[in-house]
Amino acid sequence: MRGHENILLVLFIVGTAIPTCQADPAESGVVTVGKIATDAGNTGFDFASPQFGDFTLYDGLSESFAGLASGDYQIRELTTPGWQLAKVRADSSTSAATDTLDWLTSTLSFHLDAGEILELTFHNRALEPPEQSTRPPAAPAPSAILLVGLGAALSATMKRHRFL
């Protein structure tokens with residue numbers, strides 16, 4: 001009977017030790033991507049990422065990606081008509097600052113440290129519509145040749161009237 005008690009004690013110790021020997025969840029990172037686009041209404045802003053896939057965000061909303069390993073990541077904001085990327089704000093739980101933003105492609109590249117919690121906020125501003133004038137278009141200015149011709153014709157007419 002003593003042997004069974006020892007086996008049960010060993011199984012109990014091994015059973016409680018296994019969960020503590022697994023990967024530490026504190027080493028997994030979290031990335032939250034948010035969108036700020038004041039007065040965007042129901043405009044959706046599309047994103048693409050090799051690691052996170054494609055997703056859409058609306059003003060004031062965010063999406064989180066958890067359980068991430070440390071490494072390099074990319075997120076690209078696709079072009080939205082009438083809107084322009086103004087800035088990307090990164091708030092991190094670590095001091096690492098290796099984020100780079102390619103303004104031509106609106107692609108953010110960053111390194112995620114083990115256990116890092118990173119909040120990225122993409123800010124957009126509306127593009128100004130072309131200014132619409134309420135006054136009628138101005139008449140084209142007369143050319144110098146036309147003015148000289150009119151001046152000569154007027155001068156000749158006045159000379160004729162003096163001699164009559």
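Observations, loosely collected:
- Residues (in contact (Cβ under 8 Å) with a residue 24 or more places away in the chain and farther than 15 Å from ASP72 by Cα) located in the stretch 97-118: THR105, SER106
- Within the stretch 71-96, residues that are farther than 17 Å from VAL33 by Cβ sit with their Cβ atoms under 7 Å from residues that are loosely packed, with under 12 Cβ neighbours inside 10 Å and at pLDDT below 95, at 6+ positions apart or across chains, in these pairs: GLY82/LEU127; GLN84/LEU127.
- Of the residues examined, PRO129 is one that is at pLDDT below 95, in a loop (DSSP other than H, G, I, E, B) and within 25 Å of GLY44 (Cα to Cα).
- Residues that are within 25 Å of ALA40 (Cβ to Cβ) and surrounded by 15 or more Cβ atoms within 10 Å (Cβ to Cβ) within the stretch 103-122 comprise SER106, THR107, LEU108, PHE110, LEU118, GLU119, LEU120, THR121, PHE122, listed in sequence order.
- Restricted to the stretch 20-114, the set of strands (runs of 3 or more DSSP E) holding at least 2 residues that are among the aromatic types (Phe, Trp, Tyr) and at pLDDT 95 or above comprises 45-49.
- All positions within the stretch 92-120 that are under 12 Å from VAL30 (Cα atoms) and either under 16 Å from the mean Cα position of the chain (by Cα) or among the small types (Gly, Ala, Ser) (or both): SER92, SER93, ALA114, GLY115, LEU118, GLU119, LEU120
- THR100 being touching a Phe, Trp or Tyr at 6+ places or on another chain (Cβ under 9 Å), surrounded by fewer than 16 Cβ atoms within 10 Å (Cβ to Cβ) and over 17 Å from THR32 (Cβ atoms): yes
The values are calculated or read from the model by the stated rules, or taken from the named source; none is laboratory data. Remember, it's a predicted structure, so these values are computed and weren't measured experimentally. Because the Cβ atoms are built from the backbone with ideal geometry, glycine has one as well, and the counts that use them run over all protein chains shown.
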